[in-house]
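Contents: one structure, followed by commentary.
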Amino acid sequence: MIEHLFEQTRESHPLIQFFGVMIVAMIPFLEGYFAVPLGIAIGLPVVLTISAAVVGNWLSVMAVILASDRLKRWFQGRRTNEHERKKNNKRIQRGQQLFHKYGVPGVSLLGPLLIGDHLGALICIASGASKRYVIIWQTVSILAWSIGTGVLVLLGINIIRH
């Protein structure tokens, strides 16, 4: 089934592929570093794939940042079960530790590995960083992770071919 879906996507119009990569990059914890290899695997040109991943990831993180006040109120008023609360608290605590140790640049650059871009941006803002500063560092991080992933995928493909 997955092979069939993969083949269908590979044979679809490049514009649909571009938007597909963009949508995958918008999903928290998948983001650009998952969308880039996916786009390259379906045959989308590398620069187009990286561009789609950057745009999708950036738009979704910016939406989180701009809606952070509402999200913070919603998150605080939300009722969750004990297991879910502990799981969320661990991520938030890890993010806050990162913030206090490395600041906005550290959370933005290391966040994708540990807590995700979206949660990292929220933690920075909740910890008192300005939205403008968080936007700058999240943009740098999204570009670095997407381009870096694209380069690593290309290097891997070249190693396999030789």
Normalised Cα Rg of segment 1-57, dividing by 2.2 N^0.38 Å with N its residue count, works out at 0.99
With segment 87-136 reduced to its Cα atoms and the Debye formula applied, log10 I(q)/I(0) at q = 0.31 1/Å amounts to -1.27
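Report, in deg cm²/dmol and to the nearest 500, the calculated mean residue ellipticity at 222 nm for the chain, where each DSSP H run with n ≥ 4 adds -39500 (n - 2.57) and the sum is divided by the residue count.
Theoretical 222 nm ellipticity from helices: -29000 deg cm²/dmol.
Given DSSP loops and a limit of at most 11 other Cβ atoms within 10 Å, what is the longest stretch of the chain that contains no such trypsin sites (Lys or Arg not before Pro)?
Working: sites that count: Arg78, Arg79.
Of all site-free stretches, the longest is 80-162.
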Of the residues Pro37, Ile123, Leu15, the Cα lying farthest along the dipole of the chain towards its positive end, which is defined by charges on the beta carbon of Lys, Arg, Asp and Glu, belongs to Ile123
Computed over the chain: longest principal axis from alpha-carbon atoms vs helix 82-114 long axis, angle to nearest 10 degrees, is 80
Phi-derived 3J(HN,Hα) across segment 15-28 with the Karplus relation (6.51, -1.76, 1.60, θ = phi - 60°), rounded Hz, x for Gly and Pro, is 5, 5, 4, 4, 5, x, 5, 4, 5, 4, 5, 6, 7, x
Rounded to the nearest 10 degrees, the helix 68-77 long axis (Cα) sits at an angle to the longest Cα principal axis of the chain of 60
Once all protein chains are kept in place, Leu143 shows an accessible area at probe 1.4 Å, nearest 10 Å², of 70
In Å, the C-alpha Rg and Dmax of the chain are 17.2, 56
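The values are calculated or read from the model by the stated rules, or taken from the named source; none is laboratory data. Everything numeric here is computed off the predicted structure, so don't read it as measured data. Neighbour counts run over all protein chains shown; Cβ positions are idealised from the backbone, glycine included. For the accessible areas, the whole protein counts, side chains as well, though only heavy atoms, and no ligand, DNA or RNA atoms are used. Shrake-Rupley method; radii C 1.70, N 1.55, O 1.52, S 1.80 Å.
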